[in-house]
Amino acid sequence: MLRVLLITMLLLSCTQEKIENFQQHSSILGIAEQEKLRTAQFTSLVGYGVIEFSWEDDRGKHREQGDFDFWKTGHSISLRVTKVGELIVWAGSSNGDSWMFDFTGEKSTLRLNDARSLFADALLALQLIGLEPIPVTTQGWESGWIVEFQQAMPTSITKEQEDGIWRATLREPIGVELQETHELHWPKTPSNIDLSSSVNDVELKIVFAGLSTIVDDEPMHRVFDLEYLNEKLQPDVIERITPSP
């Protein structure tokens, strides 16, 4: 009788574990589907706010803060940072290339395809700041991702890679303006984001003051056009880094 009882308890324990695992996977897949629907509304965006960030180059470590203008289309990003009205950094990624115009030194510099630059990997950056969905498999989050949600909004995202770890803390949801939609029905996205990386020692704090999907009056054909930006900004130095095959 005791043996039967022990076997029954063992089977129940295994069954309970399977149920919990199934529920966990089911919950993750449900959250992932909601994230896909939420972020699908953000195909094109314009935003603004304040930013503080640090990076490292041949001149050492730098820390800057200022106001920013932000544009997104698909998996392309363009971010212009100004301080007291003066341009200090313009970083972005589009068509497989990343760039960073740096006006913080004695000579203005354009760095092309530098893995240390802000937003070198546009899709990853968008995922970490909550504007693109986190990838999933039938078993849950894709390998390397650790994600926490509260009230249908990502609050903590970690991406583990072979060369290091990316971490993001997200809070304070903000409404994203939609055409012909009352603000009570605007989709939400985190507005206050702390981002850090051991991959390239980048630290970034973004606070969005506004975001909109209405981009008809925005210079979308220019802010992602590296050739145009280079012609207009005319950096003193251009550093080209060929991406690894």
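Where in the range 181-245 are the strands (runs of 3 or more DSSP E), entirely inside, with at least 3 residues that are of a type outside the set (Phe, Trp, Tyr) and open to solvent by less than 40 Å² (accessible area, probe 1.4 Å)? Quick ask: steps written out before the conclusion?
Numbers: elements: 188-197, 203-212, 237-240.
Here the list reads 188-197, 203-212.
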Has the range 97-114 got at least one residue that is over 20 Å from the mean Cα position of the chain (by Cα), farther than 18 Å from residue 204 by Cα, among the small types (Gly, Ala, Ser) and open to solvent by less than 50 Å² (accessible area, probe 1.4 Å)?
yes
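Here's the yes/no breakdown for (1) of a type in the set (Phe, Trp, Tyr); (2) more than 18 Å from residue 81 (Cα to Cα); (3) out of contact with any Asp or Glu (no Cβ under 7 Å at 6 or more places or on another chain):
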position	(1), (2), (3)
187	no, yes, yes
191	no, no, no
198	no, yes, yes
204	no, no, yes
217	no, yes, yes
225	no, no, yes
228	yes, no, yes
233	no, no, yes
238	no, yes, yes
Kindly indicate whether any position in the range 125-141 is within 26 Å of residue 239 (Cα to Cα) and of a type outside the set (Ser, Thr, Tyr).
yes
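Among what's in the range 142-162 and is among the hydrophobic types (A, V, I, L, M, F, W, C) and within 23 Å of residue 73 (Cα to Cα), pick the residue that is most open to solvent (accessible area, probe 1.4 Å).
Here is the first cut: in the range 142-162, the residues among the hydrophobic types (A, V, I, L, M, F, W, C) are 145-147, 149, 152-153, 157.
After this cut, where a residue has to be within 23 Å of residue 73 (Cα to Cα) as well, the list is 153, 157.
Working: 153: 20, 157: 2 Å².
Only one residue tops the list, namely 153.
Name the residues in the range 118-141 that are of a type in the set (D, E, K, R) and at pLDDT 95 or above, would you? Can you show your working first?
Taking the range 118-141 and keeping what is of a type in the set (D, E, K, R), we get 121, 132.
Scanning the range 118-141 gives a single hit, 132.
Looking only at the range 76-96, how many residues end up being open to solvent by 50 Å² or more (accessible area, probe 1.4 Å) and either touching a strand residue (DSSP E or B) at 6+ places or on another chain (Cβ under 6 Å) or at pLDDT 95 or above (or both)?
Of the residues in that region, 3 qualify.
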Criterion violated by residue 165 - all others in (1) at pLDDT 95 or above; (2) aliphatic (A, V, I, L, M); (3) surrounded by fewer than 16 Cβ atoms within 10 Å (Cβ to Cβ) satisfied:
(1)
Out of all the residues in the range 65-74, which are surrounded by 14 or more Cβ atoms within 10 Å (Cβ to Cβ) and either in a helix (DSSP H, G or I) or not hydroxyl-bearing (Ser, Thr, Tyr) (or both)?
65, 66, 67, 68, 69, 70, 71, 72
Looking at the range 121-141, which of its residues are over 20 Å from residue 42 (Cα atoms) and open to solvent by less than 40 Å² (accessible area, probe 1.4 Å)?
140
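Quick one: in the range 18-64, which of the residues that are of a type in the set (Gly, Ala, Ser) and in a strand (DSSP E or B) is modelled with the lowest pLDDT? Lay out the reasoning, then the answer.
Just the residues of the range 18-64 that are of a type in the set (Gly, Ala, Ser), to begin with: 26-27, 30, 32, 40, 44, 47, 49, 54, 60.
Those left that are additionally in a strand (DSSP E or B): 44, 47, 49, 54, 60.
Numbers: 44: 98, 47: 98, 49: 98, 54: 82, 60: 75.
The selected residue is 60.
The values are calculated or read from the model by the stated rules, or taken from the named source; none is laboratory data. Since we're looking at a predicted model, the values are computed, not measured. Cβ coordinates were reconstructed from backbone atoms using ideal geometry, including for glycine residues, and neighbour counts include every protein chain displayed. In case anyone asks, the SASA skips ligands and DNA or RNA and just uses the protein heavy atoms, side chains included. Shrake-Rupley method; radii C 1.70, N 1.55, O 1.52, S 1.80 Å.
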